[in-house]
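The values are calculated or read from the model by the stated rules, or taken from the named source; none is laboratory data. Predicted model only: the values in this text are computed from it and were never measured. Cβ: placed from backbone, ideal geometry, glycine included. Neighbour counts: every protein chain shown. Calculation scope for accessible area: heavy atoms of the full protein, side chains included, ligands and nucleic acids excluded. Shrake-Rupley method; radii C 1.70, N 1.55, O 1.52, S 1.80 Å.
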Amino acid sequence: MDGKIRCGWCGTDPLYVAYHDEEWGVPQHDDRRLFEKLVLEGAQAGLSWITVLRKREAYRKAFHGFDPAKVAAMTDTELEAVLQDPGIVRNRLKVFSARKNALAYLAVQREFGSFDAFLWAFVGGKTKVNRPKTLAEVPAVTPEAEALSKALKKRGFTFVGPTIMYAYMQSLGLVDDHLATCWKRQRA
């Protein structure tokens, strides 16, 4: 390894380490990336994140590079074909939720101008920096994640429970839960 101290959850798997170092907790504002993570976090429900991370390229191919307009237009036949792809998590509810969530996502974009504007409002427009010393101090759910989950469910999204939404917020840098000892920890 490179000698850097990281949050313990990423272990030593090179893919997981790269995800921790380059993506997790980095503020993201690109609507397509926000949609990608929404679909992937929903696919992860009940599984380990590394499982979905290893399948991300297959998801990108199956779901048109996570273009929400293209995913919203997918037919039942196309979604059935996606279910045959061993490169993704072949769960019917999760696969069909990608289209349902794309439709709801486009509605949020129309209502707020961007999904980014809607999403970041839940943390007042800037990263909420937490100061956990250990993984045990990192919450699974917060009031912000509960509010986001409730707002998304009200708008017709699925696979957006509060725990999934907190992981979503962590991954996109809405919150910084890097441990105090981690080299990625914001020092401000």
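What's the angle, to the nearest 10 degrees (0 to 90), between helix 49-62's Cα axis and the longest principal axis of the chain?
40
Local charge sum around Glu57 (other residues, Cβ-Cβ under 14 Å, Lys/Arg +1, Asp/Glu -1)?
Surrounding charge for Glu57 is +3.
Of [x] 10, 40, 38, 12, 0; [y] 9, 37, 35, 16, 2, 0; [z] 9, 33, 32, 20, 6, 0, which is the value of P(r) over Cα pairs in 10 Å bins from 0, in percent derived from the coordinates here?
Label [y] holds the value from this structure.
Relative to the longest principal axis of the chain, what angle (0 to 90°, nearest 10) does the C-alpha long axis of helix 92-112 take?
Approximately 80 degrees, to the nearest ten.
Heavy atoms only, probe 1.4 Å: what % of the accessible area of the range 37-188 goes to carbon and sulfur, would you let me know?
57
Do you know the relative contact order of the range 17-89, to the nearest whole percent, from alpha carbon pairs under 8 angstrom that are 6+ apart?
Dividing the mean separation by the residue count of the range 17-89 yields 32 percent.
Give the accessible surface of the chain per residue, rounded to a whole number of Å², with probe radius 1.4 Å and ligands, DNA and RNA excluded.
With the other protein chains kept in place, the chain gives 48 Å² per residue.
For helix 143-154, what angle does its Cα long axis make with the longest principal axis of the chain, in degrees from 0 to 90 and rounded to 10?
0
Asn101: net charge of surrounding residues, Cβ under 12 Å, Lys/Arg +1, Asp/Glu -1, itself excluded?
+4
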